[in-house]
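Engineer: Before I ask anything, let me first share the structure, which is written out below as structure tokens.
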Amino acid sequence: MQFSTLIDDLAVRGWSVQRAFIPGHDSLRLAEECRRREAEGVMVPAAIGRGGSQAVHEGIRSDRILWLESGQSAASDLYLQLMDALREQLNRELYLGLEEFECHFAFYPPGAFYKTHLDRFRDDDSRSVTAVLYLNPDWQPDHGGALRLYLADGESLDVAPEAGTLVVFMAGEFPHEVLPTQVDRLSVTGWFRRRAALPLSA
Ligand code: OGA
Ligand code: MN
């Protein structure tokens with residue numbers, strides 16, 4: 001089955017790294033779209049928290065983001081469809097009851113980072129599973145920018161943001177950070193949610 005290793009990993013240890021999850025030409029198209037959006041100036045400084053507690057904290061994270069919506073491009077529609085198929089299979093096999101997938105482009109310019117955090121808000125625990133797809137061809141170790149995932153027993157895992165790699169983990173279980181990058185670092189970062197997003201009210 002298409003996602004069987006990923007789903008087994010998630011069931012057994014709560015995280016999975018899938019290299020070449022999508023073909024190179026598909027990640028290239030997503031990267032082009034992310035760069036075009038950045039050049040258009042429509043990517044915005046990422047906020048932390050939700051609703052009234054939402055705020056931009058440059059000391060915690062310094063990426064810029066743009067939410068993906070269906071119908072905005074062929075490349076992003078393809079990715080949204082793929083993740084919806086994964087969502088359905090996760091529900092069939094692990095009974096996670098995931099109702100939707102939300103994701104955004106993230107652009108980390110040189111020097112950007114995201115300090116250690118959990119992908120769950122104090123006032124909203126509906127984000128169940130995190131899924132990050134990287135879009136950087138020819139990523140080199142000296143570019144920095146690894147995702148560092150803190151596992152149980154004091155161990156950690158560094159994932160290079162190489163184009164086509166997908167990392168998936170249980171959103172509330174693993175603290176993680178993005179180490180400072182030396183070069184532009186592009187991704188599509190998303191979450192499978194158990195319930196629809198709360199309204200973003202003041
Ligand atoms: C996030 C995040 C990780 C990454 O946006 O919440 O942790 O590798 N991103 O981009
Ligand atoms: Mn995160």
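Engineer: Any residue that is in contact with an Asp or Glu (Cβ under 9 Å, 6 or more places away or on another chain) and open to solvent by 10 Å² or more (accessible area, probe 1.4 Å) - is there at least one of those in region 153-160?
Structural biologist: No, there is no match, as no residue in region 153-160 is in contact with an Asp or Glu (Cβ under 9 Å, 6 or more places away or on another chain) and open to solvent by 10 Å² or more (accessible area, probe 1.4 Å).
Engineer: For region 148-183, which positions are touching a residue at least 60 places away in the same chain (Cβ under 8 Å) and acidic (Asp, Glu)?
Structural biologist: Scanning region 148-183 gives Glu162, Glu173, Glu177.
Engineer: Identify, by number, the condition in (1) closer than 27 Å to Gly71 by Cα; (2) buried (at least 16 other Cβ atoms within 10 Å of the Cβ) that Arg195 doesn't meet.
Structural biologist: (2)
Engineer: For region 163-171, indicate whether the set of residues that are part of a strand (DSSP E or B), of a type outside the set (Asp, Glu) and within 10 Å of ligand 1 (Cβ to nearest atom) is non-empty.
Structural biologist: Yes, the conditions are met somewhere in region 163-171.
Engineer: Of (1) surrounded by 15 or more Cβ atoms within 10 Å (Cβ to Cβ); (2) out of contact with any Leu (no Cβ under 7 Å at 6 or more places or on another chain), Pro110 satisfies all except one. Which?
Structural biologist: It is condition (1) that Pro110 fails.
Engineer: Among the numbered criteria (1) touching a residue at least 40 places away in the same chain (Cβ under 8 Å); (2) under 25 Å from Tyr79 (Cα atoms); (3) within 15 Å of ligand 2 (Cβ to nearest atom); (4) open to solvent by 10 Å² or more (accessible area, probe 1.4 Å), which one does Val129 miss?
Structural biologist: The failed condition is (4).
Engineer: Here are some residues: Pro137, Pro141, Pro175. Which one is over 12 Å from the mean Cα position of the chain (by Cα), surrounded by fewer than 20 Cβ atoms within 10 Å (Cβ to Cβ) and within 12 Å of ligand 2 (Cβ to nearest atom)?
Structural biologist: Working: Pro137 fails: within 12 Å of ligand 2 (Cβ to nearest atom); Pro141 fails: within 12 Å of ligand 2 (Cβ to nearest atom).
Of Pro137, Pro141, Pro175, the one residue that is over 12 Å from the mean Cα position of the chain (by Cα), surrounded by fewer than 20 Cβ atoms within 10 Å (Cβ to Cβ) and within 12 Å of ligand 2 (Cβ to nearest atom) is Pro175.
Engineer: Across region 104-158, what is the number of residues that are within 10 Å of ligand 1 (Cβ to nearest atom), part of a strand (DSSP E or B), more than 24 Å from Glu38 (Cα to Cα) and of a type in the set (A, V, I, L, M)?
Structural biologist: The qualifying residues number 1.
Engineer: Restricting attention to region 177-198, report how many residues are under 13 Å from Tyr114 (Cα atoms) and modelled with pLDDT under 95.
Structural biologist: Looking only at that region, the number is 0.
The values are calculated or read from the model by the stated rules, or taken from the named source; none is laboratory data. Here the structure is a predicted model, which means the values were calculated and not measured. Methodologically, a virtual Cβ is constructed for each residue, glycine included, from the backbone with ideal geometry; neighbour enumeration extends over all protein chains shown. Protein only, heavy atoms only, side chains kept; ligands, DNA and RNA dropped before computing areas. Shrake-Rupley method; radii C 1.70, N 1.55, O 1.52, S 1.80 Å.
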